[in-house]
């Protein structure tokens, strides 16, 4: 019996090795440019760094992203999906090995003898006998994977597992990007609130002057009413900005896994823009994007499942064996005289399944083509996102420069208008218009500064990270 076990185990180890499918080439490789049309030139090597947010040199952002990656519940769920996929791969790969089980049984039986004349027995009595039996056995069941059906089934499960790892990396990348954008949005919302409050104070100050002049009969009621309307509008804007600030802070706290109490301290000003995108950024760097790694693993799994469907039409060969002892006494179970064993083999060839097996192949092939098309679409979208992010930095820089100039000129114009109105050289309409222009220009300038930071975040996300290596996919195959 030990020899049978040894033969089955050795054969299993020889035939049951399964590995994850190899990496698939991009389906749009012949369409990919050597360099980005919106900016960088090609180079022979470039690496990506995971902690891309450190480029902003903002200690507050560094701390927030670290806490988000540690406490965010969606990310924890993604990590558990990786564990579940790993367990599933183990389950799917289990049939490659012999299935061993140990059995222990005992039975007791009493039998009555009625109607049999037994010499010497008491007339009218019922004779009976009681017997006990015990057994211990080891059972082995194994399907020989001659055609690779089981190996390809496990390979598909391993690719699924690696896909969940890529999905987890993508969730980390997305979360860090959401956290950075939420942080910038909260800072901008605070600055917009400060600007609205300062503008309200300015409107009130001017209104006090108009009110005094109106009471002295130096200004008509129209000036006062227009000024009061301006102050009321400023009050409404302050309330709106307060609500926006409150909402952005609460959203940021949710990303951090905290209760949204709007108590998070926010920085006074937006961080400076990181250094310009380095020249020599190769177009094929997007292959490191987690979403592309995920869809590539899905394609690899689909390819393996096509092989599984095709090999399901081949005969399956199974071996079963058992060995053990059977005795009427427990003490005899360890004696060789009571050994029992059996060994059997079977071959099963599907003949008629009502078209189920052929349909299974067609289904697997259709899923394969669907994933392949999705791979190509996702790759094109990835190229488009990088190109858009690169060119956005150029346009937003031009906008920022223009809005900076507009803001400076509007503030200077407001000061002149206030001076001229005080001296009686201009009307109230000009004054109020200059105040609104200055407020709008400063607000737009704050917004474009935040948009430039968001655009850099989008570039990092579209490239799968910063400008230095991405790790995290387990390339081990023998599991």
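The values are calculated or read from the model by the stated rules, or taken from the named source; none is laboratory data. Bear in mind that the values here come from a model prediction, so they are computed numbers and not experimental data. Glycine also receives a Cβ, built like all others from the backbone with ideal geometry; neighbour counts cover every protein chain displayed.
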>> Could you check segment 210-236 and list, in sequence order, the residues that are buried (at least 17 other Cβ atoms within 10 Å of the Cβ) and farther than 16 Å from residue 433 by Cα?
In response: 213, 214, 219
>> Only one of 396, 380, 432, 446 is on the phi < 0 side of the Ramachandran plot, assigned to a helix (DSSP H, G or I), surrounded by 17 or more Cβ atoms within 10 Å (Cβ to Cβ) and modelled with pLDDT under 90. Can you tell me which?
In response: 432
> Pairs, please: C-beta under 9 Å, at least 6 apart or cross-chain, first residue over 30 Å from residue 160 (Cα atoms) and in segment 91-106, second assigned to a helix (DSSP H, G or I)?
Replying inline: 106/330
>> Tell me the residue from 371, 411 that is modelled with pLDDT of 85 or more, under 30 Å from residue 291 (Cα atoms) and surrounded by 14 or more Cβ atoms within 10 Å (Cβ to Cβ), please.
In response: 371
> Pick from 105, 51, 112, 30: which is surrounded by 13 or more Cβ atoms within 10 Å (Cβ to Cβ) and either modelled with pLDDT under 85 or in contact with a helix residue (DSSP H, G or I) (Cβ under 9 Å, 6 or more places away or on another chain) (or both)?
Replying inline: 51
> Only one of (1) surrounded by fewer than 21 Cβ atoms within 10 Å (Cβ to Cβ); (2) at pLDDT below 90; (3) within 30 Å of residue 190 (Cβ to Cβ) fails for residue 390. Which number is that?
Replying inline: (1)
> Can you find even one residue in segment 345-354 that is within 45 Å of the chain's Cα centre (by Cα), in a helix (DSSP H, G or I) and at pLDDT 70 or above?
Replying inline: no
> Which condition number in (1) under 33 Å from the mean Cα position of the chain (by Cα); (2) outside any loop (DSSP other than H, G, I, E, B); (3) at pLDDT below 65 is the one that residue 326 fails?
Replying inline: (1)
> Taking segment 401-435 only, how many residues are within 49 Å of the chain's Cα centre (by Cα) and touching a residue at least 40 places away in the same chain (Cβ under 8 Å)?
Replying inline: 3
> Residues 257, 170, 280, 163: which one is at pLDDT below 95, farther than 24 Å from residue 432 by Cα and surrounded by 22 or more Cβ atoms within 10 Å (Cβ to Cβ)?
Replying inline: 163
> Based on what the data block shows, is residue 185 closer than 30 Å to residue 464 by Cβ and modelled with pLDDT of 95 or more?
Replying inline: yes
> Which residues, counting only those in segment 71-83, are in a helix (DSSP H, G or I) and touching a residue at least 24 places away in the same chain (Cβ under 8 Å)?
Replying inline: 71, 73, 74, 75, 78, 79, 81, 82
> Checking residue 257 against (1) under 26 Å from the mean Cα position of the chain (by Cα); (2) on the phi > 0 side of the Ramachandran plot; (3) without any contact (Cβ under 8 Å) to a residue 12 or more places away in the chain, which test does it fail?
Replying inline: (3)
